[in-house]
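Here's the structure we're looking at; comments come further down.
The values are calculated or read from the model by the stated rules, or taken from the named source; none is laboratory data. Computed from a prediction, not measured in an experiment: that's the story for all the values here. Here the Cβ positions follow ideal geometry from the backbone for every residue, glycine too, while neighbour counts run over all protein chains shown.
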Amino acid sequence: MEAQPRVGDDISRLERLLIRPAIGYNINPNIALFLGYAWTPTFMNSHYQEDFRNESRIWQQVLIKDSRWGLDWQHRLRQEQRFIQDAAGPSNRTRYLLRGSYALSDSGHYGLTGYNEIFVNLNSQFKGPQGGFDRDRFFFGPYVEYGPGRYEIGYLGERSQRFDEDGGRYINAMMMMAFLNF
């Protein structure tokens, strides 16, 4: 289960909310498969004006873990079928994330992590996403593992192609994440 409230430029307004439950199956300690649903409504447009747009997604994912060159790697391939309010039909999007973490302690409880994720739309929809490049997201920052969780804070940069306007958008943000194991 994942929940991501995303706030706008002045951190006073909720721009988007992601609620993403899933079921997973571990093939072995390094490979896992997931099937999930996401509800991702948008409350603001790219100009931070109130503009509600509902979106639901069905998604499938494979996650592969690996250790090489002193780094812990994750490869994540996700396929999404997006149902966006006012779009002519479903949009299909593929996402690939490559994540690396480097432990700065022998215990591995703290270190540095970074990732890059590419998003590509596989089809075009009237009043919806257009086929081709959608976005590129980059993150870098420190992590600490404490108790049942891993906590990360760092820089997030994102270049995106917006389907509701001409031109792209670049976001510079600080991101805080908590991964909790129950």
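For the stretch 123-138, taking the residues that are under 19 Å from the mean Cα position of the chain (by Cα) and of a type in the set (D, E, K, R), the one that is farthest from Leu97 (Cα to Cα) is identified as Asp134. Residues in the stretch 22-29 include none that are of a type in the set (Gly, Ala, Ser), out of contact with any strand residue (DSSP E or B) (no Cβ under 7 Å at 6 or more places or on another chain) and surrounded by 12 or more Cβ atoms within 10 Å (Cβ to Cβ). Of all residues in the stretch 96-117, those that are in a strand (DSSP E or B) and over 19 Å from the mean Cα position of the chain (by Cα) total 4.
Which residues, taken from the stretch 124-154, are hydrophobic (A, V, I, L, M, F, W, C) and touching a Pro at 6+ places or on another chain (Cβ under 9 Å)?
From the stretch 124-154, those hydrophobic (A, V, I, L, M, F, W, C) are 126, 133, 138-140, 144, 153; that's our starting set.
Within the stretch 124-154, just Ile153 meets the criteria.
Any residue in the stretch 76-85 that is at pLDDT 95 or above and over 18 Å from Leu18 (Cβ atoms)? Checked against the condition, which is being at pLDDT 95 or above and over 18 Å from Leu18 (Cβ atoms), the stretch 76-85 yields at least one hit.
Taking the stated definitions as given, is Tyr102 at pLDDT 95 or above and surrounded by fewer than 15 Cβ atoms within 10 Å (Cβ to Cβ)? Spelling it out, Tyr102 is indeed at pLDDT 95 or above and surrounded by fewer than 15 Cβ atoms within 10 Å (Cβ to Cβ).
Which residues, counting only those in the stretch 73-99, are within 20 Å of Arg150 (Cα to Cα) and crowded, with 17+ Cβ neighbours inside 10 Å?
Arg76, Leu97, Arg99
For every residue, the table says whether it meets (1) part of a strand (DSSP E or B); (2) more than 19 Å from Arg20 (Cβ to Cβ).
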{"position": "Asp66", "(1), (2)": "yes, yes"}
{"position": "Gln74", "(1), (2)": "yes, no"}
{"position": "Thr94", "(1), (2)": "yes, no"}
{"position": "Val120", "(1), (2)": "yes, yes"}
{"position": "Phe126", "(1), (2)": "no, yes"}
{"position": "Asp134", "(1), (2)": "yes, no"}
